1. Using the Karplus curve 6.51 cos²θ - 1.76 cosθ + 1.60 with θ = phi - 60°, work out ³J(HN,Hα) for each residue of region 2-9 in order, rounded to whole Hz, and write x for Gly and Pro.
2. Would you calculate, for the chain, the mean residue ellipticity at 222 nm contributed by helices, counting each DSSP H stretch of 4 or more residues as -39,500 (n - 2.57) and dividing by all residues, to the nearest 500?
3. Could you give each residue of region 11-26 its phi-based ³J(HN,Hα) in whole Hz, using Karplus coefficients 6.51, -1.76, 1.60 with θ = phi - 60°, and x for Gly or Pro?
4. Please list, or write none, the lysines whose alpha carbon is within less than 17 Å of the alpha carbon of residue 36, excluding same-chain residues fewer than 8 places away.
5. Sort 54, 25 so the one with the fewest other Cβ atoms within 10 Å of its own Cβ comes first.
6. Quickly work out the residue 40-to-residue 72 label distance, labels modelled 7 Å from Cα along the C-beta direction, and quote it in nm with one decimal.
7. Can you tell me the alpha carbon radius of gyration of the chain divided by the globular rule-of-thumb value 2.2 N^0.38 Å?
8. What trypsin sites (Lys or Arg not before Pro) does region 1-75 have in DSSP loop regions with at most 16 other beta carbons within 10 Å?
Amino acid sequence: MFQFSHSWPYERMMNDIYFQECPFCGASSVLLPIKKEAFENAKGGVKTFVIMPCCHEKLDILQIDDDYIWSNEPLRK
Ligand SMILES: [Zn+2]
């Protein structure tokens, strides 16, 4: 099952999805380049990914819930 270490909290403002802090480089208030459709699909468990605009790290997304993005790799120590 999903582990909490593989989750990262996001903020939603209108149709924009933000990370308060990038899990890879620590940049603040990063706007995720994810389409609304991909975001909604991910809430249904459809995998997607984003390339972080701050550090170009690839974030694989397995699922998104109301508070967290769940990845297939640990995002927190
Ligand atoms: Zn980053």
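1. 5, 10, 4, 5, 9, 10, 8, x
2. It lands at -3000 deg cm²/dmol.
3. Result, rounded to whole Hz: 10, 10, 10, 6, 9, 9, 10, 10, 9, 5, 8, 5, x, 9, 10, x.
4. In chain and number order, the partners are 47.
5. 25, 54
6. So the label points at residue 72 and residue 40 sit 2.5 nm apart.
7. Numbers: Rg = 11.2 Å, N = 77, 2.2 N^0.38 = 11.5 Å.
Ratio of Cα Rg to 2.2 N^0.38 Å: 0.98.
8. Answer in residue order: 35, 47.
Readers should treat all values here as calculations from the given coordinates under stated rules, not as data from a laboratory. Worth saying up front: this structure is predicted, and the values here are computed from it rather than measured. With ideal geometry, Cβ positions are generated from the backbone for all residues, glycine too; neighbour counts draw on all protein chains shown.
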